[in-house]
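Visitor: Provided herewith is a single structure, encoded as structure tokens, for subsequent inquiry.
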Amino acid sequence: MSHDNIAIQIDELYEPDVDAADLAAAVAATLRVEGQPDAEVTVVITNDEEVADLNVRYRGVEGPTDVLSFAAQEPAPGFVSAPEAAAYLGDVIIALPFTRRQAAELGRPLQAELRLLAVHGVLHLLGYDHAEPAEEAAMWAKQDTILEQMANSK
């Protein structure tokens, strides 16, 4: 299945550890479930330092995190929205070293954790949040549904 609307960019150092096709499939499944199969998304797999820099610059939070989402149509300070690019949802940035540690702590395979973070990040691009308990319950349920559908289709 072609995912021409999904770009997966992986820092060269991490290419052996990441299944780009699986990440693209996770993004595609999320877009399909949300009724936006043709929306465009970029997923970037990078290091903790890059994510920590973005985290402090755009969220005011020190240190790395597992995943950040930057919606194209709701730009953060310093980003310019391009109305003619309405199909472009935005960017999902994942810190691989942070994710590797997190997966180990949770006893999950790295690729499963990356898949979860890709789904999570795209849901943020689509307007989901988890600041409030009801929002979190809805977002987590949606993630679980998408990941179960992926597991059942293999």
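Visitor: How do Glu148, Glu34 rank when sorted from fewest to most other Cβ atoms within 10 Å of their own Cβ?
Guide: Lowest count first: Glu148, Glu34.
Visitor: If you don't mind, another one. Determine the calculated [θ] at 222 nm for the chain from helices alone, applying -39500 (n - 2.57) to every DSSP H run no shorter than 4 residues and normalising by the residue count; nearest 500 deg cm²/dmol.
Guide: -15500 deg cm²/dmol
Visitor: Another one. Express the C-alpha Rg of the chain as a ratio against the empirical globular expectation 2.2 N^0.38 Å, rounded to two decimals.
Guide: Ratio of Cα Rg to 2.2 N^0.38 Å: 0.99.
Visitor: Rounded to the nearest 20 Debye, what is the dipole magnitude of the chain about its Cα centre when Lys and Arg each give +1 and Asp and Glu each give -1 at the C-beta?
Guide: The dipole magnitude comes to about 300 debye.
Visitor: Additional query: Please name which of Asn152, Thr42, Leu96 has its Cα lying farthest along the dipole of the range 6-152 towards the positive end, using unit charges on Cβ (Lys, Arg +1; Asp, Glu -1) and the Cα centre as origin.
Guide: Working it through, the farthest residue towards the positive pole turns out to be Asn152.
Visitor: Neighbouring Cβ atoms within 10 Å as the yardstick, rank Val122, Val44 fewest first.
Guide: Listing Val122, Val44 from fewest to most nearby Cβ atoms yields Val44, Val122.
Visitor: Mind ranking 89-98, 61-70 by how tightly packed they are, going by the mean number of other C-beta atoms within 10 angstrom, highest first?
Guide: Going by the mean number of other Cβ atoms within 10 Å, highest first, we get 89-98, 61-70.
Visitor: So, in nm, how far is label Asp38 from label Leu110 when the simple model puts each one 7 Å beyond its Cα toward the Cβ?
Guide: 3.7 nm
Visitor: Taking amide hydrogens as modeled 1.01 Å from N in the peptide plane, which residues meet the under 5 Å criterion relative to Ile10, leaving out close sequence neighbours?
Guide: Those qualifying (amide H under 5 Å, at least 5 residues apart or on another chain) are Ile45.
Visitor: Still on this structure: Relative contact order for the range 6-152: what percent, with Cα pairs under 8 Å and sequence separation of 6 or more?
Guide: Details: 217 pairs, mean separation 36.6, N = 147.
Averaging sequence separation for qualifying contacts and normalising by length gives 25 percent for the range 6-152.
The numbers here are math on the coordinates, done by the rules we state, and not lab data. Quick caveat, the model's predicted, so the values are computed rather than measured. Here the Cβ is made from the backbone with ideal geometry for all residues, glycine too, and neighbour counts use every protein chain on show.
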